[in-house]
Amino acid sequence: MIVRRMFNTPNWGWRSPFDELELLRNRMNTLSRTLSGETPFQRSAGVFPLINVTEDKDYYRVRAELPGLSAEDLDISITGNSLAVSGERKISEEAKDAKYHRRERESGKFSRMIELPDHVDGEKVEAKMANGILTVVLPKAEAAKPRQIKVK
Amino acid sequence: MADIQVKEKQESTPSVEQTTPGRTFMPAVDIFETERDITLIADMPGVSPDHLDIDLRENTLTLVGDVAASESADEADVLREYETGKYFRQFTLSEVIDQGKIDAKLNDGVLRLSLPKVEKAKPRKISVQPG
């Protein structure tokens, strides 16, 4: 039964036998990571900025690396349990006679929506910027907090 | 202005082995040159001024930035799209730099390093007097 659930029933509609191999490989990777206790790797959504979300008993914390941005450059809003972060990263113009050797830093507008796993108290959300890292602290809604149940 | 594209952090492979475990990343940089100086701008989010080390010796410029963990021990990961770690990058400079006038500023995780060039010795004309 377990085998059946892990690998699913064979799929007869493959495009190529390699697709199936790739799928198998991914599942084996997930399995080995889960067994070794590592955080399962989640594919990034491909939207700037990349974020990390953590939780503890009372809060969710959303972090993003936004070097060069200050609080005024950011627009953060919360609706229900979706958090929206948008802004623009500007790179200052340099002197006219400047000749570039390397240009790796990027500029432009961005906006991203993050769906939180549970309800949060929108009134008490706080955000701060420190050394180019944005931290948004979202208190969990009362209903979403774990509750200790006493056994009588 | 165009929308900004996602770029995964580049992991760096320093030639010298680190004594402390952890990952090392390459900061993205802009480098440009004018007649007077060379300017280097590096994105190092999470690095505070006292954790940044800039070293210039024998034409080799080394940048090392330490990042203190921002997460406390009782936080559990829900989603992890980026990793954090040290920053390390080295450059070889072709110009002679006036070491005394180097200026470094770190603001909001962006380092701006100004490296003034040494003034080249001006050619001197020697006039020969008829004797």
At 7 Å along Cα-to-Cβ for each site, give me the label-to-label distance between B:THR92 and A:ASN29 in nm.
3.6
Which of rounded, prolate or oblate describes the protein assembly as shown when judged by the alpha-carbon gyration tensor and an a/c cut-off of 1.5?
prolate
Which of B:ARG36, B:ARG112, B:ARG89 moves most in a GNM of chain B, Cα contacts under 10 Å?
B:ARG36
Chain B: relative contact order as a whole-number percent, Cα under 8 Å and 6+ apart:
26
Compute the distance in nm between two label points, each set 7 Å from the Cα along the Cα-to-Cβ direction, one at A:LYS90 and one at B:GLN5.
2.4
Could you please tell me the mean projected area of the C-alpha convex hull for chain B, averaged over all directions and given in square nanometres to one decimal?
13.8
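Give me D for the range A:71-152 in µm² s⁻¹, whole number, from Stokes-Einstein with Rh from the Kirkwood sum over alpha-carbon pairs, 4 °C and 1.567 mPa s.
Translational diffusion coefficient: 80 µm²/s.
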Across B:GLU11, B:GLU71, B:GLU58, the residue with the highest GNM fluctuation in chain B (Cα network, 10 Å cutoff) is B:GLU71
Gained length - B:ASP50 relative to B:ARG23, 0.36 nm times residue gap less alpha-carbon distance
7.7 nm
Sort the following peptides by mean Cβ neighbour count (other Cβ atoms within 10 Å, averaged over residues), highest first: A:86-96, A:134-144.
A:134-144, A:86-96
Charge tally for neighbours of B:PRO116 with beta carbon under 10 Å away, counting Lys, Arg as +1 and Asp, Glu as -1, is -2
Contour excess over end-to-end distance, with Cα ends at B:SER12 and B:ASN59 and 0.36 nm allotted per residue:
14.9 nm
Tell me what the protein assembly as shown gives for mean residue ellipticity at 222 nm when only DSSP H runs of n ≥ 4 count, each as -39,500 (n - 2.57), the sum divided by the residue total, rounded to 500 deg cm²/dmol.
-3000 deg cm²/dmol
Can you give me the long-range amide H partners of A:GLU106? Hydrogens built in the peptide plane at 1.01 Å from N, cutoff under 5 Å, separation of 5 or more residues or another chain.
none
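Every number in this text was worked out from the coordinates using simple rules, so none of it is lab data. In this text the structure is predicted, and so the values were computed from the model without any measurement. Neighbour counts run over all protein chains shown; Cβ positions are idealised from the backbone, glycine included.
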